[in-house]
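Input: a single structure, listed below in C-alpha cells.
The values are calculated or read from the model by the stated rules, or taken from the named source; none is laboratory data. Given the structure is predicted, the values throughout are model-derived calculations rather than measurements. Cβ placement follows ideal geometry from the backbone for every residue including glycine, while neighbour counts extend to all protein chains displayed. Heads up: the accessible areas ignore ligands, DNA and RNA and are worked out on the full protein's heavy atoms, side chains in. Shrake-Rupley method; radii C 1.70, N 1.55, O 1.52, S 1.80 Å.
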Amino acid sequence: MRRAHKKDDAPVRDASVLMLFGRGQAPRTLAGRREQDRLERLGVADVDVLLLQRSAKLRHHPNQVAFPGGGRDPEDADEIAAALREAEEETGLDPDGVEVVGTLDPLYIPVSSFEVTPVLAWWQNPSNVWVVDHGESSRVYRVPVADLVAPENRGTFTAPDRSYRTPAFDVGVLRVWGFTAALLEFALEEMGWARDWDRAAQIDIEL
C-alpha cells in the first residue's frame, strides 16, 4: 500500500477498522470452490472475513465495501475499543467473542481526512451479524477467503476521472476495491494464502 501523508495544517480525525477473520463460511463462487483443496492443506479452507457495504446515503464512500469501523469517539479507550464499538453498532456482533491480535500502522485517507488504524482480530466465538442501521450500511457478509484468493475473482479497478488504480475482488455478492481491497491484498499476501493473479484483468464497479 502506498501511504498518503496529511499536510501539516490539515484537520484529521482518528478512526479504526476491524479486520475480523473467523471460521464457518464455504465459498460462494465456483472459482473459490476450486481453491478449497489448496487452502485445506494450509488449514484455512473455511476461513472468512467480515465485510459490509456502506449505505448509498453516506457522504463519504457511499456504496463502497468496507471493514466495519469508523471514527474514534471520546469515550473510546483506544483504536481497538473504537473498532469493536463500531463493529457492534454496524453489524450487531458480540465483541466478547472477538480476540484482538494486534494493530497495523495507521493510514491517512485524504478523501475523508481520517487516519485509520486497522485492527486485526480473530472471531473466536462467532455471533450472528446483520445490517443494524440501513442509514449506515446496506449489506453485511462473511466473505470466504477462498473466494478472495481465487485468481478468477481478482483484478484491478480504475476509478473513472481519477488518477489511481486499486486491486479489486469480485466475490459474487460484493465487489471490493479501494482502501479495503488494498488491506485485504496485504493481509492475504502476508498470511501466505494468496495466489498469483492477472494484474491486467479489469473488474468493473459501478460507483
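Springs between alpha-carbon atoms under 10 Å, Gaussian network over the chain: tell me which of Val171, Val98, Val65 tops the mean-square fluctuations. So, out of Val171, Val98, Val65, the one fluctuating most is Val98. Note that region 119-207 carries a Kirkwood radius of 14.5 Å, evaluated over its alpha carbons pair by pair. Percent of alpha carbon pairs in the chain separated by more than 32 Å? Looking at the chain, the distances longer than 32 Å represent 12 percent of pairs. For every other residue with a beta carbon closer than 14 angstrom to the beta carbon of Gln202, add +1 if it is Lys or Arg and -1 if Asp or Glu, then tell me the sum. Local net charge: -1. Solvent-accessible area assigned to carbon and sulfur over the chain amounts to 46 percent, based on a 1.4 Å probe.
Within region 11-49, which residues have the backbone N less than 20 Å from the label spot 7 Å out from Val132 along Cα→beta-carbon, could you tell me? Only 14-22, 49 pass the distance filter. Assuming charge only on the beta carbon of Lys and Arg (+1) and of Asp and Glu (-1), the dipole of the chain about its Cα centre is about 800 debye to the nearest 20. Residue ranking by accessible heavy-atom surface, 1.4 Å probe, largest first, among Trp123, Trp197 comes out as Trp197, Trp123. Based on protein heavy atoms only, region 15-167 ends up with 46 Å² per residue of surface accessible to a 1.4 Å probe. Here, P(r) means the percent of Cα pairs in each 10 Å bin from 0 to the largest distance; for region 93-164 it is 14, 25, 49, 12, 1.
Working note: 222 nm ellipticity from helices only, DSSP H runs with n ≥ 4, each -39,500 (n - 2.57), summed and divided by the residues of the chain, gives -6000 deg cm²/dmol to the nearest 500. Comparing Cα centroids, region 186-203 and region 19-57 end up 14 angstrom apart.
With R₀ set to 22 Å, the beta-carbon distance separating Val101 from Ala200 gives a calculated FRET efficiency near 0.05.
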